[in-house]
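S.K.: Quick one: the structure is below, questions incoming.
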Amino acid sequence: MLKAILYFFLLIAEFFITILISGFCFGLYYAYLGGDHIPGSSKGDMSTTEAFPFIIGFSLLATLIIWFTFHKGKFSSFTLGKVKSENKWQLMLYGSMPMLGFTLAYYALMSYLGIHFIPKEMSQFGFFQFLPLMLVGTFISAYVFYGAILEELLKSGKKKWVVLLVYLLMIMPTTLTAGSGEEMTLWIFFVLAALPCTLYGFWLYCKTRSSIVIFAVYLISNMVPFNLGSNWVTILLCILGLGVMGYGFYLIKSKIEPLLIEEEEKEY
């Protein structure tokens, strides 16, 4: 369990290092160009077009730093875990359906009700402008939180409820920073969205021990746009999402065992 805690603090340290390095590099770049080229210098606010290079740079730098540290240190790896190699695509599909359906239903409901659950400064970004952050978030979730932190917690031999409690305490701060700055909306986001998704991811990883499957699950669900409008089509999307989630749960519960390697022949 000590390793898991050390990995968590290492991730936080690398996050701040990424901010410092990217800020320093962009500062030098715009100092070279001159003050008139600094984003937002003429209007006071940075437009989405001006901010996009920052998002790309930060995402690439964060991915490289985390990958280099955890890969070179052999703290984590992308693995199939208990999943049979010939069944990986089938399990990725079954495993993705519940979270995809839930995400679609949740986003549709929040859009219909006009509740903004992401930071206000991010709400102006389009889907493709926000995509790099969603990709790096997916990578960190699968490679660090599941493949390194949760894996070490499970190896500690503690009871499942203890492992889950410690894991939730670790992942809660990063989850809360993804929500809106409004306090009530922040907790609505956490309780209604982040907590159920984390519990499902915890259950699925415990069953499969596969960071590859978890990566696919989070990647597919992160492809759903935040803003889906506020008309009758949104209600249909919400109903569709609930249907996909229910059918996905049925498939994963009834068909997961034959897709996994037996315990005595487990390979990593």
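The values are calculated or read from the model by the stated rules, or taken from the named source; none is laboratory data. Source: prediction; values computed, not measured. Here Cβ is always computed from backbone atoms with ideal geometry, including for glycine, and neighbour counts include all displayed protein chains. Each accessible area value is taken on the protein alone, full model and side chains, heavy atoms only, with ligands, DNA and RNA left out. Shrake-Rupley method; radii C 1.70, N 1.55, O 1.52, S 1.80 Å.
S.K.: Any residue in the stretch 218-246 that is under 20 Å from Thr138 (Cβ atoms) sitting within a Cβ distance under 9 Å of a residue that is surrounded by fewer than 18 Cβ atoms within 10 Å (Cβ to Cβ) and among the hydroxyl-bearing types (Ser, Thr, Tyr)? List the pairs, counting only those 6 or more apart or interchain.
M.R.: Phe226/Ser123; Asn227/Ser123
S.K.: Still on this structure, I have one more. Checking the structure you have, find out if any residue of the stretch 38-61 is open to solvent by 60 Å² or more (accessible area, probe 1.4 Å) and modelled with pLDDT of 85 or more.
M.R.: Taking every residue of the stretch 38-61 in turn, none turns out to be open to solvent by 60 Å² or more (accessible area, probe 1.4 Å) and modelled with pLDDT of 85 or more.
S.K.: Counting only residues that are under 11 Å from Phe75 (Cβ atoms) and under 17 Å from the mean Cα position of the chain (by Cα), how many does the stretch 8-22 have?
M.R.: 1
S.K.: Right, Trp67: within 17 Å of the chain's Cα centre (by Cα) and at pLDDT 85 or above or not?
M.R.: The answer is yes for Trp67.
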